[in-house]
Each structure stands twice: as C-alpha cells, then as structure tokens.
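The values are calculated or read from the model by the stated rules, or taken from the named source; none is laboratory data. Nothing here was measured: the structure is a model prediction, and the numbers come from that model. Heads up, the Cβs are rebuilt from the backbone with ideal geometry, glycines too, and the neighbour counts pull from every protein chain shown. Note: accessible area is taken over every heavy atom of the protein model, side chains too, but ligands, DNA and RNA are not part of it. Shrake-Rupley method; radii C 1.70, N 1.55, O 1.52, S 1.80 Å.
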Amino acid sequence: MSPHQKNEITSLLGIITTSALIGALFNQTLLFIALALFTYIVFMLRNAFKLQDWLEQKKDLPDAWGYWGEIFNELHLLERKKKKQQKLLSVALSRFKKAAEALPDGVVILSQHNFIEWVNPVASSLLGINYPQDTGQKINNLIRHPDFQHYLLKNNFSKTMTFPAPENADNTLTMQIIPFGYKQKMLFCRDITHISKLEEMRTNFVSNVSHEMRSPLTVLSGYLEMFSDKPPKDEKNFKLAIDNMYQQAIRMQRLVTDLLALSKMETAPVEHTALVDVSTLLIALKENAEVLGQNKQHIITMKADEKLNLRGNNDELHSLFSNLINNAVRYTPKHGHITISWQILNDEAVFSVSDDGPGIASQHIPHLTERFYRADVDRSRESGGTGLGLAIVKYAVERHDGRLEIRSTLGKGSTFTCYFPNQRFSS
Ligand code: ADP
C-alpha cells in the first residue's frame, strides 16, 4: 500500500472517529457517523466525476486536495510526459517522412492487413498509387499482378521480386517487403528497367558474337577435317580452299579488331587534346577507298577544308571516317558516285559521306548504330561487314562531342553526316 493510500485510510478512520465522538455528545453517534460518511462519499463522487470529465477530454485536469489531489497531480505529470513524447514522436516521424520522400526508391508503409498507410512520391508514380487518396485501400486491390499477389500472400519476404510496372508494362520493377513494428510492413520498390535492358543487351551481344564467330570457324574446321581425312591432290581445289580459309580468317580478324575498338572506346577515358589534320587523313582514306572499290570504278569526289583541324584522338577519328567511307564503297554498286566533304557549316565542323547506292529503308535507320544490326544481312556479309562499323562511328562521334545524322532514301542513296561543335575545331 502506498503512503497516500495509508494517509487516506487514516483520514477516513479519523473522520469516522471524530463524527462518532461528536455524535456521542448529542447521543446521536450513528447519525453523525452516517452524515460524515455521506459527506465523504459525495466528496469522492465529485472527484470521480471530475476525473471522468477529464478522461473524456471535456474539461481541464481539476484541482483537488488530499488523496485526489495526489491522483490528479500524477495524472498531470503523466499528461505532460505524454505530450512531450508525442512532440518528439511527431518530430521523428516528420524527419522519417522527409528522408523517405527524398529516397530514390519507392517506399510504402502497410498496416498488419496490408492497408496502405503512407506512400512516398517515387512509389506513387512507380506503382500508380494516388496518395493520400488511396490511404486505407488494400495494396493488393491496387497492384493486381499475380506475381505480386503471390509474393504478398506467401508471407516470406527474404527475397526480392521483379514484376512489370503497373503503370507501364515495358518497365521492370524490383520489390522487397520488410516487416517492422507490430506486424506492419515497409515495401521498397525500384525501377530496374535500365539494368534489365543492359542484361538483355549483354546476353544478345554474347550470342551475336558467338554467332558471328561460328560461321567462319565452321568453314575453317570443315576444310581442316577434310584435309586431315584425305590430303588434297588437285592443286586448283587446294588453292580455292586456302583462299576461302584465308577469307574466313580475315573475317574473324576484322570482327576481333572491331570488338576491341568498341571496347577500348567504352572503357578508355576521353583524351582528346591533339589537333588532327583531317584533310590529310581523308586524302589517305580516299586512296584506300579507291583500292578497296577498284572493281566497281566508283566516281569518288572529295572537298576537304585543308585548314580545318579537329581536336581529338587520331585513331578514333581514323576509325570513324574510314568506316563511313568504306561503307559507301562497299554498298554502292559499280560506277556509283561517292562524295566526301569536310567543311565548316553554321559554326560547326561537318564531315559527310554521300552515295547514290541502294539506300536504307526508313524503319532500319534508328537501329543502324546498334551492334550487329544490319539493314541487309546478305549484302553486309558478302562485302565483309562485321555489323559493328556504325556502332564504332557513333561512339567515336560522341566521344568528340559530336552528333551523327543518317539520311537515306531507298533506291536513291544515303548521306552520313557528323557534326562537331565549335570548341572541337580550329581553322
Ligand atoms: P556492316 O559491317 O554490316 O556494314 P555497319 O554498322 O557499318 O555494319 O552498318 C550497318 C548496316 O547499315 C549495314 O549492314 C547496312 O545494311 C547499312 N549501311 C551502312 N552504310 C550503308 C550505305 N552507305 N548504304 C547502304 N546501306 C548502308
């Protein structure tokens, strides 16, 4: 029993004893005790009602003396403590909300039975939840993808799950639920579209390279197997076989060279401080082009500004210009026209190669700079193409702060133009 309780019992006994003594003086002991107890009960009831009013938040905490005064005092202290804690809690909560709102990932707070309690803006847009309108809705009524429903019902959240974004099925989301507090859940989600696209590109790339390597290797191993079974006697056939093997080896070599060039540009830092004499480079490339296309008797014309030099990497620019010029030679039929130009136009250094070859259908144009993309597979392979030339061109142009433009009309010809900004050239 607490001291206050002991005091109260002592006071009650005192009241009873005093009233009994006074009652005895008037020979009315029981009446006086009854009156005193009645007054005591009224006092108790009055304070009990005050307490009830306060509990129902109708009134402020009342004042009282004695035992009730102590009770009200304790309650007063408790109330102050609670208000202080509430204030701290609301500061912590608003800090948490601010942090969660700034997160690059989506966050949703769910109650025990998966009702939405809070959503940050990223989760709103990724999951298509309207916050605060959708507060109190069950999350599985809003995200209806079967994989998500299964994940939520399974109640085993140790792993992440991926599923198509509800707002845009082309995008991929990854999600993990983390239980916290009293059976509450925190749902984290992230847009991993670019990662899954990269993964897809990597898989495609490996399968494309394997495919490109397989055909020349099959030819080579076929001949070698044939020769090991039966050494060739006819010199003419032997020469034909050797020529063919040589062509296949060259094809593989070209593929490896292009792959290395691409990977170097992907990984090496941009170090473009040297001034490259583009017109001299183009004269050499034009001569190479004439040798490459000697059977086709193209009419190649070139107009290059001798004073116009480009700040950049000599090897990358060589690769860029030669890929475009050689493509024109490879794809333009006999007696076709090829025009090479290097000049300043509208404050930009502009390199362009035009031909009156077969042209390219418009649906292929946006894809031409993708690795191994070919508008005409047979023609590319026949002319020794690797399918990587324009990917290299795009990389090299971008590493020189430039842009590539492809214009082509089927049956009429193509023009490939590279634009380089002012800070890249001197004239
Ligand atoms: P490839 O080694 O196959 O030539 P590229 O990346 O250099 O690879 O070119 C991609 C595709 O673009 C080619 O397969 C070809 O279909 C098309 N192409 C490129 N240049 C020309 C051009 N001058 N004329 C017509 N088609 C072209």
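Stretched out fully, how many nm does the piece from GLU225 to ARG202 gain, at 0.36 nm a residue minus the Cα gap?
Details: separation 23, 0.36 × 23 = 8.28 nm, distance 3.32 nm.
Stretched out fully, the GLU225 to ARG202 stretch lengthens by 5.0 nm.
Please report how far the C-alpha centroid of segment 1-59 lies from that of segment 78-100, rounded to the nearest whole angstrom. Segment 1-59 and segment 78-100 have Cα centres spaced 42 Å from each other.
Across segment 274-426, how many lysine pairs, 8 or more apart or on two chains, come within less than 21 Å at their alpha-carbon atoms? Could the numbers behind the result be given before it?
Numbers: LYS286/LYS296; LYS286/LYS303; LYS286/LYS307; LYS286/LYS334; LYS286/LYS394; LYS296/LYS334; LYS296/LYS412; LYS334/LYS412.
Value for segment 274-426: 8.
Taking a ≥ b ≥ c as the square roots of the eigenvalues of the Cα gyration tensor, an a/c ratio of 1.5 or more together with a/b larger than b/c marks segment 196-267 as prolate.
In the chain, the C-alpha radius of gyration followed by the widest Cα-Cα span (Dmax) gives 43.3, 153 angstrom.
Over the chain, calculate the relative contact order: mean separation of alpha carbon pairs under 8 Å at least 6 apart, over the residue count, as a percent.
Values: 564 pairs, mean separation 37.8, N = 427.
About 9 percent, as a whole number.
How much accessible area per residue does segment 297-389 have, counting only protein heavy atoms and a probe of 1.4 Å, in square angstrom? Intermediate results must be reported in sequence, preceding the final value.
On the way: 4330 Å² over 93 residues.
Spelled out: the 1.4 Å probe surface of segment 297-389, per residue, equals 47 Å².
Pairs of lysine residues in segment 97-210 that meet both criteria, 8 or more places apart or on different chains and Cα atoms under 25 Å apart, total 15.
Please compute the contact order of segment 1-152 in relative form: average sequence separation of alpha-carbon pairs under 8 Å and at least six residues apart, divided by the residue count, as a percent. Mind showing how you got there, number by number?
Details: 109 pairs, mean separation 16.6, N = 152.
So the answer I get is 11 percent.
Taking all protein chains as shown and a probe of 1.4 angstrom, LEU310 keeps an accessible surface of around 0 Å².
Counting only protein chain heavy atoms and rolling a 1.4 Å probe, the accessible areas of ARG202, ARG399, ARG95 rank, largest first, as ARG95, ARG202, ARG399. Computed over the alpha carbons of segment 96-149, Rg followed by Dmax gives 10.8, 32 Å. Solvent-accessible surface of protein heavy atoms, probed at 1.4 angstrom with all chains present, puts LYS98, LYS394, LYS296 in the order LYS98, LYS394, LYS296, largest first. Note on segment 200-307: with neighbouring protein chains present and a 1.4 Å probe, carbon and sulfur make up 58 percent of its accessible heavy-atom surface.
Take 69-76, 311-318 and order them by the average number of nearby Cβ atoms within 10 Å per residue, most first; the result is 311-318, 69-76. P(r) tail, segment 103-191: Cα-Cα pairs separated by more than 24 Å, 7% of all pairs. Think of the chain as a dipole: +1 on every Lys or Arg Cβ, -1 on every Asp or Glu Cβ, centred on the Cα centre; then among GLN176, ALA375, PRO333, GLN176 lies furthest on the positive end.
Kirkwood radius and radius of gyration were both taken over the C-alpha atoms of segment 326-427, and their ratio Rg/Rh is 0.98.
Given R₀ = 30 Å, what would the calculated FRET efficiency be for ALA169 paired with HIS211, taking r from the Cβ atoms and rounding to 0.05? List each step's numbers first, then the result.
Working: r = 29 Å, r/R0 = 0.98.
The formula returns an efficiency of 0.55 here.
Surface exposure of segment 196-237, expressed per residue as accessible area with a 1.4 Å probe, stands at 82 Å².
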